[in-house]
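K.L.:
Would you mind keeping the following structure in view while I ask a few things?
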Amino acid sequence: MSKNEIIKGVVLVGLGATSYGMLATIVKLAYQSSEKFTTAEVIAAQFIYGILGMLLINLYQKTKAKSPIVKATPKNIFNLLLAGTSLGTTSIFYYLCVKYINVSIAIVLLMQTVWMGVLVEWVLDKKTPSKQKLIAVLVVLTGTILATNLLFSKVSFNWTGFIWGMLAAASFTTTMFTANKVATEISSAQRSLYMLFGGAIIVLFFALYTQTDAFNLAIFGKYGILLALFGTIIPPVLMNSGFPKTGLGLGSIVSSLELPVSVSMAFFLLNEKVVLFQWFGIILIIAAIVIMNINFKKK
């Protein structure tokens, strides 16, 4: 891999992570708007536009492909639909979390996927975590305590938001674990599309169960396209293109940009208060991701 290709990969992954980082602030703005959009309306608009966008991307790839594209088998489709259900639950849990607590805290809770991923590998893949990973987990937990301002906040902590945030992290861990193992032989655009369909099934049931008033179609004009672009279209396309160039280690480090971007967006656009201890906690979490993905042994 040439240096230019690695730099290109870093840029692609960085832009994808930045897009993800903007998502929670857009959701919060939708909640705080004059229409007071509901979680069901926000997620439904995101998934509908997201599916339409991915259909167009698949169509474009099919018409421009110089060689035949490997088509998904019925088994691939079923497995991806099943894996995609966690994509739907992640969005539901995360957006409910954002409803109750600040974006700057919600994104920190979502980043608990760092240690949850280590735990899943240990239990399911029988991979005993190295000392390096265990140190990283401790650093993440320390950073989380500081970044959520648990020790120094005079305001009572919202445990409802905390539980939704931890559920979102657990669900996202499931998504990442299955996405790297299911139907890897077909194109990333196809995989993303079928996983979105799987997530949409969960979102549909959630919307039917929770939406008691008439569905406000204005969400499609005001926030729907932004939510789909920054949540379900741009990040997967950029990251799936960038990760093969950077490798998993460097790509994971660059993707941690999502954390400071999300907190900065909340600070500047939502006027959320972020104290010095929280910034220090965020730096610790990013440091933990670096520790997990760097080989300190000299060859």
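The values are calculated or read from the model by the stated rules, or taken from the named source; none is laboratory data. The structure presented is a predicted model; accordingly, all values stated were derived computationally and were not measured. Cβ sites come from the backbone with ideal geometry, for glycine too, and all protein chains shown count toward neighbours. Only protein heavy atoms, including side chains, enter the accessible area calculation; ligands, DNA and RNA are left aside. Shrake-Rupley method; radii C 1.70, N 1.55, O 1.52, S 1.80 Å.
K.L.:
For the stretch 125-139, which residues satisfy the criterion of being assigned to a helix (DSSP H, G or I) and open to solvent by less than 60 Å² (accessible area, probe 1.4 Å)?
P.N.:
We begin by selecting, within the stretch 125-139, every residue assigned to a helix (DSSP H, G or I); these are 131-139.
Once the filter is applied, which keeps residues that are assigned to a helix (DSSP H, G or I) and open to solvent by less than 60 Å² (accessible area, probe 1.4 Å), the stretch 125-139 yields GLN132, LYS133, ALA136, VAL137, VAL139.
K.L.:
Next question. Kindly indicate whether GLY251 is surrounded by fewer than 16 Cβ atoms within 10 Å (Cβ to Cβ) and farther than 14 Å from ILE105 by Cα.
P.N.:
no
K.L.:
Which members of the stretch 1-56 meet the condition of being in contact (Cβ under 8 Å) with a residue 40 or more places away in the chain and of a type in the set (Ser, Thr, Tyr)?
P.N.:
Answer for the stretch 1-56, where residues must be in contact (Cβ under 8 Å) with a residue 40 or more places away in the chain and of a type in the set (Ser, Thr, Tyr): THR18, SER19, TYR20, THR25, TYR31, SER33, THR38, THR39, TYR49.
K.L.:
A further question on this structure: Within the stretch 146-175, which residues are surrounded by fewer than 18 Cβ atoms within 10 Å (Cβ to Cβ), outside any loop (DSSP other than H, G, I, E, B) and touching a Leu at 6+ places or on another chain (Cβ under 8 Å)?
P.N.:
Correct list: MET166 only.
K.L.:
Here's another thing I want to ask about it. Please go through the stretch 30-48 and give me each residue that is part of a helix (DSSP H, G or I) and open to solvent by 60 Å² or more (accessible area, probe 1.4 Å), ordered by number.
P.N.:
Across the stretch 30-48, the qualifying residues are GLN32, ILE48.
K.L.:
Considering only the stretch 191-226, state which residues are hydroxyl-bearing (Ser, Thr, Tyr) and free of Cβ contacts under 8 Å to residues at least 60 places away in the same chain. Steps first, answer last, please.
P.N.:
Step one: filter the stretch 191-226 for residues hydroxyl-bearing (Ser, Thr, Tyr), giving 192, 194, 209-210, 212, 223.
The answer is TYR209, THR212.
K.L.:
Okay, next question. Anything in the stretch 57-70 that is in a helix (DSSP H, G or I), loosely packed, with under 11 Cβ neighbours inside 10 Å and either at pLDDT 85 or above or hydrophobic (A, V, I, L, M, F, W, C) (or both)? List them, or say none.
P.N.:
THR63
K.L.:
Looking at THR85, THR142, THR90 in this structure, which one is more than 27 Å from VAL261 (Cβ to Cβ), in a helix (DSSP H, G or I), hydroxyl-bearing (Ser, Thr, Tyr) and modelled with pLDDT of 90 or more?
P.N.:
Selected residue: THR85, the only one of THR85, THR142, THR90 that is more than 27 Å from VAL261 (Cβ to Cβ), in a helix (DSSP H, G or I), hydroxyl-bearing (Ser, Thr, Tyr) and modelled with pLDDT of 90 or more.
K.L.:
Among GLU185, GLU258, which is the only one that is among the charged types (D, E, K, R), open to solvent by 30 Å² or more (accessible area, probe 1.4 Å) and out of contact with any His (no Cβ under 8 Å at 6 or more places or on another chain)?
P.N.:
GLU185
K.L.:
So, THR39, is that one of a type in the set (Ser, Thr, Tyr) and at pLDDT below 90 or not?
P.N.:
The answer is no for THR39.
K.L.:
Based on this model, can you work out whether LEU229 counts as crowded, with 18+ Cβ neighbours inside 10 Å, touching a residue at least 24 places away in the same chain (Cβ under 8 Å) and either in contact with a Lys or Arg (Cβ under 7 Å, 6 or more places away or on another chain) or farther than 25 Å from LYS62 by Cβ (or both)?
P.N.:
no
K.L.:
Regarding the stretch 90-103, can at least one residue be identified that is surrounded by fewer than 19 Cβ atoms within 10 Å (Cβ to Cβ), farther than 23 Å from ALA179 by Cα and not hydrophobic (A, V, I, L, M, F, W, C)?
P.N.:
yes
Conditions (1) crowded, with 23+ Cβ neighbours inside 10 Å; (2) farther than 21 Å from PHE47 by Cα; (3) in contact with a Lys or Arg (Cβ under 8 Å, 6 or more places away or on another chain); (4) among the hydroxyl-bearing types (Ser, Thr, Tyr), marked per residue:
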| site | (1), (2), (3), (4) |
| --- | --- |
| LYS222 | no, no, no, no |
| ILE234 | no, no, no, no |
| VAL237 | no, no, no, no |
| GLY242 | yes, yes, yes, no |
| LEU269 | no, yes, no, no |
| LEU276 | no, yes, no, no |
| ILE282 | yes, yes, no, no |
| VAL290 | no, yes, no, no |
| ASN295 | no, yes, no, no |
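K.L.:
Right, another one. Please work out which one of (1) of a type outside the set (S, T, N, Q); (2) over 18 Å from the mean Cα position of the chain (by Cα); (3) farther than 19 Å from GLN211 by Cβ is the condition MET54 fails and give its number.
P.N.:
If we test MET54 against (1) of a type outside the set (S, T, N, Q); (2) over 18 Å from the mean Cα position of the chain (by Cα); (3) farther than 19 Å from GLN211 by Cβ, just (2) comes out false.
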